[in-house]
Amino acid sequence: MNFSQAVKSALIDKYSVFKGRSSRSEWWYFALFTIIVSIVVSAIVGFATFGSVDWEYVASLNENQATEFLLDSSFGLGTRISSTALSLIFFLPLLAVTIRRLQDLNASYYWAVPYFIVSVISIYFAIFPSVEPAAVRLGAAGNLVTILYCLAFLRKGGYEDNRFGPNPLDEDDTY
């Protein structure tokens, strides 16, 4: 499965399909796609709203005051809105492809619960950002969970059929 097939499969064909299996390439290419889209949208929003901030004033503030000022500025608001929109757009297809990838590894969809919790928390903090130490720790824990999933998804799925369906590599020839 190549990049465009993976994106089409995860974003259009199997947008909310939780049954079956996904190959490593489908998960990794779709994760790469979401990262690229996020970077591009963030850059566009950043460039569009960067000039609206008085950076000399920000430089005169302490770290917490500067953070609060930036979060309340149009720069912070634009970033929050775009981040929230992308998180909501990609939430269901990423959850679906993650569950199918877990099933390719012959693991139950219950193993997606930590991923689901981390995703909901990240969407919450995209809407209501916070610099409180507890929020920062939750964000770090979410990053750790994401890293663990990435490491687990480096493994190959079984070549034989499992309880979740046939090998997804056999189905890739149909695209």
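None of the figures in this text is laboratory data; all of them are computed from the coordinates on show. Nothing here was measured: the structure is a model prediction, and the numbers come from that model. Glycine gets a Cβ as well: all are built from the backbone with ideal geometry, and neighbour counts include every protein chain shown.
Does residue 140 qualify as being under 30 Å from residue 72 (Cα atoms) and in contact (Cβ under 8 Å) with a residue 12 or more places away in the chain?
For residue 140, the condition - under 30 Å from residue 72 (Cα atoms) and in contact (Cβ under 8 Å) with a residue 12 or more places away in the chain - is not met.
Conditions tested, residue by residue: (1) crowded, with 18+ Cβ neighbours inside 10 Å; (2) more than 26 Å from residue 6 (Cβ to Cβ); (3) free of Cβ contacts under 8 Å to residues at least 12 places away in the same chain.
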| site | (1), (2), (3) |
| --- | --- |
| 36 | no, no, yes |
| 46 | no, yes, no |
| 54 | no, yes, yes |
| 66 | no, yes, yes |
| 82 | yes, no, no |
| 128 | no, yes, yes |
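When you go through 32, 92 one by one, which is the residue that is under 21 Å from residue 13 (Cα atoms), surrounded by fewer than 15 Cβ atoms within 10 Å (Cβ to Cβ), without any contact (Cβ under 8 Å) to a residue 40 or more places away in the chain and out of contact with any strand residue (DSSP E or B) (no Cβ under 8 Å at 6 or more places or on another chain)?
Sole residue among the options that is under 21 Å from residue 13 (Cα atoms), surrounded by fewer than 15 Cβ atoms within 10 Å (Cβ to Cβ), without any contact (Cβ under 8 Å) to a residue 40 or more places away in the chain and out of contact with any strand residue (DSSP E or B) (no Cβ under 8 Å at 6 or more places or on another chain): 32.
Condition test on residue 11, is it more than 20 Å from the chain's Cα centre (by Cα), part of a helix (DSSP H, G or I) and in contact (Cβ under 8 Å) with a residue 40 or more places away in the chain?
No: the conditions fail for residue 11.
A quick yes/no check of all residues on (1) buried (at least 16 other Cβ atoms within 10 Å of the Cβ); (2) within 17 Å of the chain's Cα centre (by Cα); (3) on the phi > 0 side of the Ramachandran plot:
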{"site": "101", "(1), (2), (3)": "yes, yes, no"}
{"site": "112", "(1), (2), (3)": "yes, yes, no"}
{"site": "141", "(1), (2), (3)": "no, yes, no"}
{"site": "156", "(1), (2), (3)": "no, no, no"}
{"site": "166", "(1), (2), (3)": "no, no, no"}
{"site": "170", "(1), (2), (3)": "no, no, no"}
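Please work out if residue 108 is on the phi < 0 side of the Ramachandran plot, touching a residue at least 24 places away in the same chain (Cβ under 8 Å) and of a type in the set (Ser, Thr, Tyr). Step through it out loud before you land on a result.
Values: on the phi < 0 side of the Ramachandran plot: yes; touching a residue at least 24 places away in the same chain (Cβ under 8 Å): no; of a type in the set (Ser, Thr, Tyr): yes.
In short, no.
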